[in-house]
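One structure is given here, and the rest of the page talks about it.
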Amino acid sequence: MLITRRELLAGLTAASVTSAVTDLGFAQSDVSALRIDAARLRQSLEGLSVYGRPAGGTFADGVSRVAYSDADIAGRKYAMELMRAAGAEPRIDAAGNILGWREGSDRSLKPILFGSHIDSVPSGGNFDGDLGSMSAIETVRTLKEHGVTTRHALEIVIWSNEEALTMGSRAAAGDLQPADLAKVYHGIPLADHLRKIGGDPINLAEARMAPGSIHCYLELHIEQGGTLDKAGIPIGVVEGIVCIDEYEVEIHGFANHAGTTPMPERHNALLAAAKLIEAVQEIVTRDPGRQVGTVGHLEVSPNARNVVPGVVKHSIELRDLSPEKIARLGDEIQKRAQRIARETKTDIVMKKVEHDPPAVATPAVQSQIEAAAAGLGLKTMRLPSGAGHDAQVIATLGPMGMIFVPSVAGVSHSPKELTRWPDCANGANVLLQTVLRMDRT
Ligand SMILES: [Zn+2]
């Protein structure tokens, strides 16, 4: 006898609405009690860490699994074997993304897509991307083991080349043109790299996912900052991925003899830059909030010990979830720059050269992540992501949510990157329970 979900739920009180129906038509008594296998998740992560490990090293020595390298190819093969064991037969799409499908009971519904990436930066850690990817596979494997069939199909994804280009996700979002593949990357055209991992550059468009074609996209990731670790909170609910405004500043003074030019007569471009750098710090920190501002690149000319600096070029980068806020901060810095120019008798030109829009996580998905964590007895806090992720690209295709787990001391993109095993398991369980909750929406 087939019981529809509505009939089933009608017989339950709100407090006990935790059941799902399998395609065999029987109620899974309590899917909210389902847990991933923490030991197996650890094994998967340790197994993956071998591909790209420094010679003679251990897990603690991190990994260099740069996209398209032999280590990447070997790691991808390993991940595909795990997908097979989870009952999600993997395929490689034209953009080199690995996708593993698990059928749902209602074929009229859109799939729930979830995963991350397994490529790393050179000398990276074993958690960035890996945790979300291995947890996605572990989630499906857990459901398989317990014979639970979701209503929506589930699709695991391991995006190709996240670290350098967010290449796979951008191709899926239709944000990558064939011309981009002609670009030379580490000595050879990107198209050739893509062929190496099983992609199909000629038919790149086949990797596109239509907007609205997914029920939602979920990604578990390490925070890569120290907020959760410092607060002692195991689960972060990502509010969104911040937008970035980048400026280029050019300061023109007058290069002159450092011994003969009296102090009051100097037009010192580096002194102006120093004042402006301090102004960035002051303006960005004046208001409460999580906005950040950075001057990270500086070129001094002539850059000589005995010459008053004549020209300085430097960057200013501003990040926050609110584009209005960083636009306002940029305006204030601009005004201050003109004041500093007058004070230092220099010319300052500050130009915005790039604007990356924010990707806001879908409120309804954020609530489901919070509810999933609460059901596991785990405290949560909402926070923005200061780092970029595939999720911000995929947010253009449908509802998006991200789960963060603590990075010890906020260290990432380093062999010292660490997320404690219980935190890894917590994150994977929140992912599993969020998938099950989203399946009921
Ligand atoms: Zn990552």
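Summary table
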{"quantity": "Flag if Thr166 is of a type in the set (Val, Ile, Thr) and either within 16 Å of the ligand (Cβ to nearest atom) or without any contact (Cβ under 8 Å) to a residue 12 or more places away in the chain (or both)", "calculated": "yes"}
{"quantity": "Unique residue being more than 16 Å from Ile36 (Cβ to Cβ), surrounded by fewer than 24 Cβ atoms within 10 Å (Cβ to Cβ), under 21 Å from the mean Cα position of the chain (by Cα) and within 16 Å of the ligand (Cβ to nearest atom) when the list is Ser160, Ser123", "calculated": "Ser123"}
{"quantity": "Any pair with Cβ under 7 angstrom, 6 or more apart, that starts in the range 415-441 at a residue that is within 24 Å of His215 (Cβ to Cβ) and ends at one that is at pLDDT below 95", "calculated": "Gln433/Ser32; Leu436/Ala20; Leu436/Val31; Asp439/Ala20"}
{"quantity": "Hits in the range 204-232 - residues which are more than 16 Å from the ligand (Cβ to nearest atom) and crowded, with 18+ Cβ neighbours inside 10 Å", "calculated": "Leu204, Ala207, Arg208, Met209, Ile214, His215, Cys216, Thr227, Asp229"}
{"quantity": "Subset of the range 260-300 [of a type in the set (Asp, Glu) and outside any loop (DSSP other than H, G, I, E, B)]", "calculated": "Glu265, Glu278, Glu282, Glu299"}
{"quantity": "Enumeration of residues in the range 399-439 that are assigned to a loop (DSSP other than H, G, I, E, B) and touching a Cys at 6+ places or on another chain (Cβ under 6 Å)", "calculated": "Pro399"}
{"quantity": "Residues of the range 375-399 classified as charged (D, E, K, R) and either within 21 Å of Glu163 (Cβ to Cβ) or under 18 Å from the mean Cα position of the chain (by Cα) (or both), total", "calculated": "2"}
{"quantity": "Any chance Met438 is buried (at least 20 other Cβ atoms within 10 Å of the Cβ) and in contact with a strand residue (DSSP E or B) (Cβ under 8 Å, 6 or more places away or on another chain)", "calculated": "yes"}
{"quantity": "Any hit, the range 337-348, residues being among the charged types (D, E, K, R) and either modelled with pLDDT under 95 or touching a Phe, Trp or Tyr at 6+ places or on another chain (Cβ under 9 Å) (or both)", "calculated": "yes"}
{"quantity": "Residue count, the range 143-189 (criterion: among the β-branched types (Val, Ile, Thr) and in a loop (DSSP other than H, G, I, E, B))", "calculated": "4"}
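The values are calculated or read from the model by the stated rules, or taken from the named source; none is laboratory data. Predicted, not measured: the structure shown is a model, and the values here were computed from it. Please note: Cβ atoms are built from the backbone with ideal geometry, for glycine as well, and neighbour counts cover all protein chains shown.
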